[in-house]
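Let me begin by presenting the structure, written as C-alpha cells, before commenting on it.
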Amino acid sequence: MDGVHDMGGMHGFGKVPYEKDEPTFHHEWERRVWGLCQGSTYPDCANLDYGRHSIELMPPDLYLSYSYFERWLYSLTTTLLSGELVTLEEVQDGKAAPGSAPRTDAAGPETVDPYAHDEHRREIDAGPLFKVGDRVRTGNPHPPGHTRLPRYARDKVGHIHLHHGAHVLPDTNAHNKGESPMHLYTVALSARDLWGPDASVKDKIFLDVWECHLESA
Amino acid sequence: MSKEHTHSDSLQYPDLAHLPSDPALRMKAMESLLVEKGLVKPETIDAYIEKFEHEIGPHNGARVVARAWVDAAFRERLLRNATGAVRELGFIGSQTTDVVAIENTPDVHNLVVCTLCSCYPWTLLGLPPSWYKSYAYRSRVVREPREVLKEFGVELGEDVEVRVWDSTAEVRYLVVPERPAGTEEMSEEALAAVVTRDSMIGAAKLEV
C-alpha cells in the first residue's frame, strides 16, 4: 500500500536523532510493550508479514504521532481485536468481560529463545529467471495491500547483485493468501537514477526484490 | 476463528483515542487484560526482556567481525556465505535467518537501513536503537546518505562509493567495519571489544 510507512526518500523529517551508544529502551513501559508483543498469544492469521502490514494500516496521523513501541502496542491491540481474542470493551476497561473463561495455553518462559527462528527460504522447482549481473527493471505495482517494493524503487532499471534462492512472498503471505515462494534478489540501483543530479554518480542503493516485481531490461 | 477474520484486510482499526494518552498506562491496561484472559504470562514477558536485552546484542556481531579480522579463511566464508559463517558461531536466530556481510574499505562505505519498517539483525546486534527506527533515518538515508553520515561524524571523500542497503526482505545486512590502525597486536577478544554497534550498521567508523 502507498502508505506513510513507505518513507524512503521523503523530505521534511529533519535531523536524525542520533545518540551514540543509545540504550535499547528509554522507558520501562517500552520494555514491557516489547515483551508483551513477543510473548502474547496471537490469532493464527498473524504471521510476520501480517504483523508488519497491521502497523502499515494504522491511520497515517496516528502512525506519525506514535513512537515505535506505541505502534507495536497498537498493532497488538488491533490484531487481537480482529482475531476476536479480546473485545473493544475489554480493551477500554483493561479487564476481562465478566464470566469469560481464561485460556490456559499462553507460552511459558521456557519457550523464550532468541536463537529460535522460522526459515523464510523455501525450496522450489522453478529455477531463477535472472542471474547476477543481469539488467532488470523493477515493477510499478501500487497494490492496496502489503508489498515490500518501496515507491522510490518502482519502475527503475538496475542490475542483479545477489540471488538469495526462493523466499516467502510477503505480498500474499501478509493476507494469508499463501506463501507463494519465489526467487529473491538483491538489486543494485544507481543513486542518480533514483534521485537525480544532486546524488553522487558513485553511490548505489541495494534492495531485495522478489522475482514477480522484476523484468529484463 | 471464523474465515472472515483470517485476512488482514479485515483488521479492525477502532477509535482508541479515548484510551489514556500516556503509553505507560495503555501498556499496563493491556498487560493486565491479557494476563487475566490467559493470553500472556508475566514471567514470559520478563524472559523476553531479559534474553533479548542482554543475551543477544552487538557483542555477538562484534565476535563475527573480530573473527573476520584475524582469520582470513573465516572472512572469506563470511563474505561469500554469511549465513553459514554466522551459523558457525551460533548466532542465526530471531530476525537473523539469512545474512549478507558487506565490508567497508577505504573505497566503499556501506550503510544499512529499513525504509519500510525497522528490520534489523536482532541476534547479531540486539534490538535497534531509536535513531535507526526514526522517520528521519528511514526517509533520508537512501536519498542523502553522505549528509546523514556527516551528521553522525563520518566524513567521506567524493572518491568513496557509498552503498546503502535497504532491508526489504528477511535478509539482514551486517557491515564489517574497517579494522582500525594500531590494533595489529590485539587478540581476537580484545578486537571484539573495539567493534561498536553503530560501526556494524555503517553509521560509524572505528578508532582506538
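Just to check your reading of the model, which residue among A:His164, A:His159 is under 23 Å from B:Val113 (Cβ atoms), free of Cβ contacts under 8 Å to residues at least 60 places away in the same chain and facing chain B (nearest Cβ under 8 Å)?
A:His164
All but one of (1) farther than 30 Å from A:Ala153 by Cα; (2) in contact with a helix residue (DSSP H, G or I) (Cβ under 8 Å, 6 or more places away or on another chain); (3) surrounded by 15 or more Cβ atoms within 10 Å (Cβ to Cβ) hold for A:Leu85; state the number of the condition that does not hold.
All conditions pass for A:Leu85, except number (2).
Kindly indicate which of B:Arg172, B:Arg197 is touching a helix residue (DSSP H, G or I) at 6+ places or on another chain (Cβ under 9 Å) and surrounded by fewer than 24 Cβ atoms within 10 Å (Cβ to Cβ).
Values: B:Arg172 fails: surrounded by fewer than 24 Cβ atoms within 10 Å (Cβ to Cβ).
The conditions single out B:Arg197.
Listed here are the residues, each with its yes/no results for (1) in the same structural domain as A:Pro181 (by TED's automatic domain parsing); (2) over 22 Å from B:Thr115 (Cα atoms); (3) in contact (Cβ under 8 Å) with a residue 40 or more places away in the chain.
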site: A:Phe13; (1), (2), (3): no, no, no
site: A:Asp21; (1), (2), (3): no, no, no
site: A:Thr24; (1), (2), (3): no, no, no
site: A:Glu28; (1), (2), (3): no, yes, no
site: A:Arg32; (1), (2), (3): no, yes, no
site: A:Leu36; (1), (2), (3): no, yes, yes
site: A:Tyr42; (1), (2), (3): no, yes, yes
site: A:Tyr50; (1), (2), (3): no, no, yes
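In the set A:Asp93, A:Asp113, A:Asp134, which member is surrounded by 12 or more Cβ atoms within 10 Å (Cβ to Cβ) and assigned by TED's automatic domain parsing to the domain that holds A:Ser180?
A:Asp134
Restricting attention to the stretch B:77-93, and to residues there that are under 11 Å from B:Thr123 (Cα atoms) and among the small types (Gly, Ala, Ser), which single residue is surrounded by the fewest Cβ atoms within 10 Å (Cβ to Cβ)?
Out of the qualifying residues, it is B:Gly90.
Please go through the stretch B:152-188 and give me each residue that is under 19 Å from B:Thr123 (Cα atoms) and of a type outside the set (Ser, Thr, Tyr), ordered by number.
Those that are under 19 Å from B:Thr123 (Cα atoms) and of a type outside the set (Ser, Thr, Tyr): B:Trp165, B:Asp166, B:Ala169, B:Glu170, B:Val171, B:Arg172, B:Leu174, B:Val175, B:Val176, B:Pro177.
Of the residues that sit in the stretch B:189-208 and are assigned to a helix (DSSP H, G or I) and among the charged types (D, E, K, R), which one is farthest from B:Thr123 (Cα to Cα)?
Going residue by residue through the stretch B:189-208, those that are assigned to a helix (DSSP H, G or I) are B:189-194, B:197-201.
Checking the rest, the ones that are also among the charged types (D, E, K, R) come to B:189, B:197-198.
Working: B:Glu189: 19, B:Arg197: 12, B:Asp198: 15 Å.
Here the residue is B:Glu189.
The conditions are (1) under 24 Å from A:Ile55 (Cβ atoms); (2) assigned to a strand (DSSP E or B), and A:Cys212 fails exactly one of them. Which is it?
Among (1) under 24 Å from A:Ile55 (Cβ atoms); (2) assigned to a strand (DSSP E or B), A:Cys212 violates only (2).
Determine whether A:Ala153 is in contact with a Lys or Arg (Cβ under 7 Å, 6 or more places away or on another chain), at pLDDT 95 or above and under 19 Å from B:Cys114 (Cα atoms).
no
Is there any pair with a first residue in the stretch B:119-143 that is within 21 Å of B:Gly90 (Cβ to Cβ) and a second that is among the small types (Gly, Ala, Ser) and assigned to a helix (DSSP H, G or I) whose Cβ atoms are under 8 Å apart and which are 6 or more apart or on different chains, and what are they?
As it stands, the answer is B:Pro121/B:Gly61; B:Leu124/B:Gly61; B:Leu125/B:Gly61, since those pairs meet every condition given.
Of the conditions (1) in contact with an Asp or Glu (Cβ under 7 Å, 6 or more places away or on another chain); (2) assigned to a loop (DSSP other than H, G, I, E, B), B:Trp131 clears all except one; give me its number.
(2)
Starting from residues that are more than 26 Å from B:Ala203 (Cβ to Cβ) and of a type outside the set (A, V, I, L, M, F, W, C), keep the ones in the stretch A:4-37 and report whichever is surrounded by the fewest Cβ atoms within 10 Å (Cβ to Cβ).
A:Glu28
Report those helices (runs of 4 or more DSSP H) wholly inside the stretch B:9-90 carrying at least 1 residues which are facing chain A (nearest Cβ under 9 Å), touching a helix residue (DSSP H, G or I) at 6+ places or on another chain (Cβ under 8 Å) and aliphatic (A, V, I, L, M).
So the answer is B:23-36, B:42-50.
Kindly evaluate A:Ser180 against the criterion of being surrounded by fewer than 22 Cβ atoms within 10 Å (Cβ to Cβ), in contact with a strand residue (DSSP E or B) (Cβ under 8 Å, 6 or more places away or on another chain) and in the same structural domain as A:Gly133 (by TED's automatic domain parsing).
no
Taking the stretch A:124-139 as the search range and keeping residues that are within 14 Å of chain B (Cβ to nearest Cβ) and touching a residue at least 40 places away in the same chain (Cβ under 8 Å), which one is farthest from A:Asp208 (Cα to Cα)?
First, the residues of the stretch A:124-139 that are within 14 Å of chain B (Cβ to nearest Cβ): A:132, A:138-139.
When the remaining residues are screened for being touching a residue at least 40 places away in the same chain (Cβ under 8 Å), the result is A:138-139.
On the way: A:Thr138: 11, A:Gly139: 13 Å.
Out of the qualifying residues, it is A:Gly139.
Out of A:Ala174, A:Ala166, I need the residue that is closer than 23 Å to B:Asp166 by Cα, under 16 Å from the mean Cα position of the chain (by Cα), surrounded by 21 or more Cβ atoms within 10 Å (Cβ to Cβ) and of a type in the set (Gly, Ala, Ser). Which one?
On the way: A:Ala166 fails: under 16 Å from the mean Cα position of the chain (by Cα).
Unique residue meeting the criteria: A:Ala174.
The values are calculated or read from the model by the stated rules, or taken from the named source; none is laboratory data. Please read these numbers as outputs of a predicted model, since none were measured by experiment. Note that we place each Cβ from the backbone using ideal geometry, even for glycine, and neighbour counts take in every protein chain shown.
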